[in-house]
Structure formats: structure tokens, C-alpha cells
Amino acid sequence: MVLQFPIQPPNNYSGASEPVKRPKEFACFSYDKDHQFRQDDSSMKWYYPPDVGANLSNGYDGFIKHDDRIDEHLDSLLRTMTDHEKQTGQPIDAHIVTWRGMLTKIMATPFDDEGFEMNATLYRDCIFIEEHHAFKEQKRQSESHQGRGRIPLSLMQYWGYKFETLSTLPQPWGETSREYIENRDQEVTNNKEQYCSVVRTGFGKSIVCLGGEVDAIWDKKPQTPGEPINWVELKTSAEIRGSNDQFKFDRKLMRYWIQSFLLGVPKIIVGFRNMDGILTQVEELKTISIPDEVQRRGMARWDGNVCIKFTSLFLEWLRTSLNDEGVWRIRRPHKASYIELFKVEEVGHGNLITDDFMNWRIKL
Ligand code: A3P
Ligand code: MG
Ligand code: MG
């Protein structure tokens, strides 16, 4: 049986907005330079403005690139949840557990044609959602030979990571030598290293536990847990030279905004670059102001409140519909006006729930 959730015209999701909780970080983890898991904040980076004029292609040959063909499922998130539950003795009370990227796709749905596939399973009153990795791989391969005109896609991706290297320090500014700051261009860019924040947040009646990468911190984490953190999201984008560029950028801002909203990241630093990969301008955006600014310019039509309301209603529907054991598929075909839900495995939890997590939960 296939169940469908309609993606109605956005105006069906306007009107009174849904209550949202502010995301609060309750745990974190890192991947080190070899992508080894660490239950700490060792890979957190500090923002320090990059130099305009830098060449984002520098060091491309030495790029240490994480192989994302390997399906990592929810393993690190579950490991972090287990660690937290061991410390507090309390199970995490979420209705939904997933990576930030999955909710980004769902939130963008009312204004985006993109297709997606996810796997989901119900375990102890909580729905765990992961990306359907084979689908993503297929999509990536069909896109891999594309590029923007004469620029290969892999180089453009490198520019994004290089911008991170040029804009961050591994220690606070006060503890960093002048040489390090001046020679950041010589640092090897390595995207195996990551800091991930794990937050508790909410959409309407659904409590959601999300894990996602954050690029940098502005100053330092507050003393009191749960207080807002001055995270910084780093992005690169093509220079805006006319109204068509502005339109494209305003559409992109929807994803920037959703991504940052989900983890409570208050500031986005955009590095604008020309077609040769030279950094030409750096701009600071306040996440909270983005929806109004885009609406004021009136070019790209998306509405943050609609994204929130759609997500609240979808999650509520998912929680009533996904009510049985096994592994389920959540699928939105390209351009489809619905999200569908059906079972792909009758029993078990596929690879979503690790043995370690299950063994721990049995004890709890
Ligand atoms: P830009 O965002 O500057 O383009 P994030 O912005 O999420 O921190 O990701 C950092 C970089 O990873 C991106 O830089 C981009 O180069 C690459 N990246 C992120 N998501 C991607 C995706 N879905 N496909 C390809 N590259 C991606
Ligand atoms: Mg990032
Ligand atoms: Mg980024």
C-alpha cells in the first residue's frame, strides 16, 4: 500500500504559523582529519575573515576529499545519543531522529521540484529517518558530468571547502599565531574533518532530534547549555552582476536559510567569487532576516512560514501513517505534487538502527 501526502499549493500552508521551538544543542561530535569519530568538539573551528582576492583554486591538487560513496547511515548520531543517554540516564524524548539534510529537503519541498528518497523505521515510539543512499548515488552520477559552463563541478565543490579553510582557525584568534593566519592559503583542505552539532528542536507537535555539520563559531560556546550559540555557516556563490543573478541567489537563499534555521545558526558568511574562482567580496547575512529580505526584493517567491507549516503537518502525518514495524520509504519523485510512503522491508530496521544502539536501549 502506498500512502500519499499532498504538496498542495503553498497558500494552503499559509495562515496561522505553527509553533516552533528554538533548536538547542545538547550534544556534539567530531570527525578528525581521517574521518575517525570522536565524542567531543575537537574539530570545531573559529571564524576569522578571509582575504578578498584569494584564489579558491589554490591547493586543489592536494585536496583530501572524503569518500561519500560509503553509506554512514545514522551511526554517529546514534552513538552520540547513546553517550548522552548514558550520561543523563534518560532516553531522548524525540518523535523524529534524523540528519539535518533530510529535514532541509522536506522543508524546501513546497518551493522546490527536487526529488528525494529516504528510509524510515519506527523504533520505540520514535521514527528514524536516513537518506536512501543508492538513490543519492545514482543522482550524483547522472549529474557528475555536468558543470557550470567551462568549470568542472569538482572544482566548484573544492571552492566551497577551500573557502572554509581560508575563513577558519583551529583555535580561537587569541591563541592563534599571526603566521598561521597569514599562511592559511598553504593549509591543506580536508573535508574529512567535521564538527557536528546535535540539537533538540520542534515542529508543531513533533519533537525532533537533528544532527548536522556546523562550519565555525564566531566567539565561544556559552557557559549555560542550551543557550544560543553564535555559529557561522560559510557559503560560496557566484558574484551577483544583474537581476537574473539576484533571482538565482535569492532562490539559493532558501536553502541557506532552512539549513541554518534547523540548527539555530544565526549568521551566514557568503564568499562571492568570480568565474575564475577569485574571492571578490565577503558578506555577512543574518539568518533571521533572510525571508523578509527576499520577499522585499520580490524576485524569488518562497515563504519561510510556509516551509515551517508544511514540515509540521508532514511530520504529524508521518507519525500517524508510519505505525508499523519494518523499513519504509519516503519518496518524492522529481516535480511530483505529493510525497509517498510505502514499506520496503516487512520486518526489522534495515541498517538504520545499529546493534550498539539497540543493545543500549534494551538496558535503559
Ligand atoms: P558551498 O556551500 O560554498 O557551495 P556546506 O555549505 O553545507 O557547509 O557545504 C560545504 C561545501 O560542500 C559546499 O560549499 C559545496 O562545495 C559542498 N557541498 C555541500 N553540499 C553539496 C551537495 N549536495 N553536492 C555537492 N557539493 C556539496
Ligand atoms: Mg558545512
Ligand atoms: Mg558551509
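The values are calculated or read from the model by the stated rules, or taken from the named source; none is laboratory data. Small disclaimer: the values here were computed from a predicted structure and weren't measured. Cβ atoms come from the backbone with ideal geometry, glycine included; neighbour counts cover every protein chain shown.
Each row is one residue, and each column tells you yes or no for (1) more than 29 Å from Asn58 (Cα to Cα); (2) surrounded by 20 or more Cβ atoms within 10 Å (Cβ to Cβ); (3) within 16 Å of ligand 3 (Cβ to nearest atom); (4) in contact (Cβ under 8 Å) with a residue 24 or more places away in the chain.
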residue: Glu114; (1), (2), (3), (4): yes, no, no, yes
residue: Leu122; (1), (2), (3), (4): yes, no, no, yes
residue: Leu155; (1), (2), (3), (4): no, no, no, yes
residue: Tyr158; (1), (2), (3), (4): no, yes, yes, yes
residue: Ser177; (1), (2), (3), (4): no, no, no, no
residue: Arg184; (1), (2), (3), (4): no, no, no, yes
residue: Val188; (1), (2), (3), (4): no, no, no, yes
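In the stretch 184-216, the qualifying residues are those that are of a type in the set (A, V, I, L, M) and within 12 Å of ligand 1 (Cβ to nearest atom), and the one that is farthest from Leu315 (Cα to Cα) is Ala216. For the stretch 328-339, the tally of residues that are part of a strand (DSSP E or B) and either more than 17 Å from Glu130 (Cβ to Cβ) or over 23 Å from the mean Cα position of the chain (by Cα) (or both) stands at 1.
Consider Glu283 carefully, then state whether it is assigned to a strand (DSSP E or B), free of Cβ contacts under 8 Å to residues at least 60 places away in the same chain and either at negative phi or not aliphatic (A, V, I, L, M) (or both). So Glu283 fits the description; yes. Answer with yes or no whether Glu114 is within 19 Å of the chain's Cα centre (by Cα) and of a type outside the set (Gly, Ala, Ser). Yes; evaluated as a whole, the condition is true for this residue. Looking at the structure I just gave you, is Asp83 over 18 Å from the mean Cα position of the chain (by Cα) and farther than 13 Å from Arg200 by Cβ? Answer is yes for this residue. In the stretch 207-216, of all residues being crowded, with 21+ Cβ neighbours inside 10 Å and more than 11 Å from ligand 3 (Cβ to nearest atom), the one that is nearest to Glu72 (Cα to Cα) corresponds to Gly211.
Within the stretch 213-235, residues that are in contact (Cβ under 8 Å) with a residue 40 or more places away in the chain have Cβ atoms under 6 Å from residues that are of a type in the set (Lys, Arg) and within 16 Å of ligand 1 (Cβ to nearest atom) in these pairs: Ala216/Lys45; Val232/Lys267, counting only partners at least 6 apart in sequence or on another chain. Taking the conditions (1) free of Cβ contacts under 8 Å to residues at least 60 places away in the same chain; (2) surrounded by fewer than 17 Cβ atoms within 10 Å (Cβ to Cβ); (3) at negative phi in turn, Lys136 satisfies each one other than (2). Scanning the stretch 309-325 turns up no residue that is more than 30 Å from Cys28 (Cα to Cα), more than 16 Å from ligand 1 (Cβ to nearest atom) and touching a helix residue (DSSP H, G or I) at 6+ places or on another chain (Cβ under 7 Å).
Looking at Ile70, Ile106, just one residue is surrounded by fewer than 16 Cβ atoms within 10 Å (Cβ to Cβ), more than 23 Å from Ala238 (Cβ to Cβ) and at pLDDT 95 or above, and that residue is Ile70. Scanning the stretch 226-250 for residues that are out of contact with any Lys or Arg (no Cβ under 9 Å at 6 or more places or on another chain) and of a type in the set (Lys, Arg) yields Arg241, Lys248. Does the stretch 145-160 contain any residue that is of a type in the set (Lys, Arg) and in a strand (DSSP E or B)? The answer is yes, given that some residue of the stretch 145-160 is of a type in the set (Lys, Arg) and in a strand (DSSP E or B). If you go through the stretch 121-141 and pick out every residue that is under 11 Å from Asp324 (Cα atoms) and part of a strand (DSSP E or B), you end up with 4. The requirement of being within 16 Å of ligand 1 (Cβ to nearest atom) and touching a Gly at 6+ places or on another chain (Cβ under 7 Å) is fulfilled nowhere in the stretch 285-297; no residue meets it.
If only one of Arg200, Arg255, Arg273 is over 23 Å from Tyr48 (Cβ atoms), surrounded by 15 or more Cβ atoms within 10 Å (Cβ to Cβ) and away from ligand 2 (no atom under 16 Å from the Cβ), which one is it? Talk me through it step by step, then tell me what you get.
Values: Arg255 fails: away from ligand 2 (no atom under 16 Å from the Cβ); Arg273 fails: over 23 Å from Tyr48 (Cβ atoms).
The unique qualifying residue is Arg200.
A residue that is of a type in the set (Gly, Ala, Ser), more than 21 Å from Asp292 (Cα to Cα), more than 16 Å from ligand 3 (Cβ to nearest atom) and modelled with pLDDT under 95 cannot be found anywhere in the stretch 267-278. Do you know which of the residues in the stretch 124-178 that are more than 16 Å from ligand 2 (Cβ to nearest atom) and among the β-branched types (Val, Ile, Thr) is farthest from the chain's Cα centre (by Cα)? If we take residues in the stretch 124-178 being more than 16 Å from ligand 2 (Cβ to nearest atom) and among the β-branched types (Val, Ile, Thr), then Thr176 is farthest from the chain's Cα centre (by Cα). Within the stretch 73-95, residues that are at positive phi sit with their Cβ atoms under 7 Å from residues that are surrounded by 15 or more Cβ atoms within 10 Å (Cβ to Cβ), at 6+ positions apart or across chains, in these pairs: His73/Glu130; His73/Asn351; His73/Leu352. Kindly provide the set of residues from the stretch 190-200 that are away from ligand 3 (no atom under 15 Å from the Cβ) and under 30 Å from Asp93 (Cβ atoms), ordered by number. Val198, Val199, Arg200, listed by residue number.
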